[in-house]
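The values are calculated or read from the model by the stated rules, or taken from the named source; none is laboratory data. Note that the structure is a prediction, hence the values are computed from the model and not measured. Positions of Cβ are generated from backbone atoms using ideal geometry, with glycine treated the same way; all protein chains shown enter the neighbour counts.
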Amino acid sequence: MPEFFTGIGQLISGSFLQSGALWTLTNIPGFPPIIQTVHILGIAVVMGTGVLLNLRILGLAVPSQNITEMTDRMVPYLYIALISNLVSGSFFVFGRPTRYFNNPVFAWKMLFLLGAITLTIYFFTKHRSKVGYWEQENKKWIARSIAILSLGFWIMVSLAGRWIAYLEHLQYPMWSI
């Protein structure tokens, strides 16, 4: 792991962020499964909206709606779910920072997530600049390229998110609290 990434984990270890997350996770009855459920539901919304919008751009889903309508309807839910996942995921990351920041799969997940979010912001910004921007004939191939790349990023985020726990068990006891 790059020193920068593991340094973040060491910086958080023993900080008020870790203390607050651990206190919340251990002292509020039922909080861990509740916050994990919120995180999983957020993942479902992110994947559902992101994948559906990308499939529509590729012409593989919901042909009865144009891209402008779907983007206007879906992207706000995507952003709300991303913020929800940032908050809910922070409890676990701050609670055990070395578990995550020493795990190379977590770094890959964050990299893929950054790519997916960047593409989404670019797509939405261009969409907002002009009504029907992505439905112009000369822009469709760019939109389709973004959709394919975005789908790949979202799939990799999901796979990496699941693989974080498995790598920890395969590499145990490399990471400790």
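Say whether the condition of being in a helix (DSSP H, G or I), within 10 Å of the chain's Cα centre (by Cα) and farther than 21 Å from residue 61 by Cβ is met by at least one residue in region 142-161.
yes
Residues are listed down the side, and each one gets a yes or a no for (1) under 12 Å from the mean Cα position of the chain (by Cα); (2) crowded, with 18+ Cβ neighbours inside 10 Å; (3) among the charged types (D, E, K, R); (4) closer than 26 Å to residue 167 by Cα:
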{"site": "10", "(1), (2), (3), (4)": "no, no, no, yes"}
{"site": "25", "(1), (2), (3), (4)": "no, no, no, yes"}
{"site": "29", "(1), (2), (3), (4)": "no, no, no, no"}
{"site": "32", "(1), (2), (3), (4)": "no, no, no, yes"}
{"site": "54", "(1), (2), (3), (4)": "no, yes, no, no"}
{"site": "86", "(1), (2), (3), (4)": "yes, no, no, yes"}
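State whether the residues of region 119-134 include one that is within 26 Å of residue 2 (Cα to Cα) and not β-branched (Val, Ile, Thr). Lay out the reasoning, then the answer.
So in region 119-134, the residues within 26 Å of residue 2 (Cα to Cα) come out as 119.
Of the ones still in play, those that are also not β-branched (Val, Ile, Thr) are 119.
Looking for residues that are within 26 Å of residue 2 (Cα to Cα) and not β-branched (Val, Ile, Thr), one finds at least one in region 119-134, hence yes.
Among the residues of region 27-53, which ones are of a type in the set (Val, Ile, Thr) and either under 20 Å from residue 82 (Cβ atoms) or at pLDDT below 95 (or both)? If you could, list the steps in order and put the result at the bottom.
Going through region 27-53, the residues of a type in the set (Val, Ile, Thr) turn out to be 28, 34-35, 37-38, 40, 43, 45-46, 49, 51.
Matches in region 27-53: 34, 35, 37, 38, 40, 43, 45, 46, 49, 51.
Go through 78, 113 for me and flag whichever is touching a Gly at 6+ places or on another chain (Cβ under 8 Å) and either of a type outside the set (Gly, Ala, Ser) or within 18 Å of residue 46 (Cβ to Cβ) (or both).
Details: 113 fails: touching a Gly at 6+ places or on another chain (Cβ under 8 Å).
Among 78, 113, only 78 is touching a Gly at 6+ places or on another chain (Cβ under 8 Å) and either of a type outside the set (Gly, Ala, Ser) or within 18 Å of residue 46 (Cβ to Cβ) (or both).
Name, by its number, the condition in (1) in contact with a Lys or Arg (Cβ under 7 Å, 6 or more places away or on another chain); (2) surrounded by fewer than 14 Cβ atoms within 10 Å (Cβ to Cβ) that does not hold for residue 70.
So the condition that residue 70 fails would be (2).
Pick out the one residue from 94, 101, 112 that is touching a helix residue (DSSP H, G or I) at 6+ places or on another chain (Cβ under 8 Å), crowded, with 16+ Cβ neighbours inside 10 Å, more than 22 Å from residue 21 (Cβ to Cβ) and not polar (S, T, N, Q). Before you say what the answer is, go through the steps one by one.
Working: 94 fails: more than 22 Å from residue 21 (Cβ to Cβ); 101 fails: more than 22 Å from residue 21 (Cβ to Cβ).
Result of the check over 94, 101, 112: 112.
Return the total of residues in region 118-141 being among the β-branched types (Val, Ile, Thr), assigned to a helix (DSSP H, G or I) and in contact with a helix residue (DSSP H, G or I) (Cβ under 7 Å, 6 or more places away or on another chain).
Step one: of region 118-141, the residues among the β-branched types (Val, Ile, Thr) are 118, 120-121, 125, 131.
Checking the rest, the ones that are also assigned to a helix (DSSP H, G or I) come to 118, 120-121, 125.
Narrowing the set further to residues that are in contact with a helix residue (DSSP H, G or I) (Cβ under 7 Å, 6 or more places away or on another chain) leaves 120.
Summing the residues that are among the β-branched types (Val, Ile, Thr), assigned to a helix (DSSP H, G or I) and in contact with a helix residue (DSSP H, G or I) (Cβ under 7 Å, 6 or more places away or on another chain) in region 118-141 gives 1.
State which residue pairs qualify: first residue in contact (Cβ under 8 Å) with a residue 40 or more places away in the chain and over 10 Å from residue 54 (Cβ atoms) and inside region 138-164, second residue basic (Lys, Arg) and part of a helix (DSSP H, G or I) in any location, beta carbons under 6 Å apart, and separation of 6 or more residues or different chains.
157/109; 160/109; 161/109
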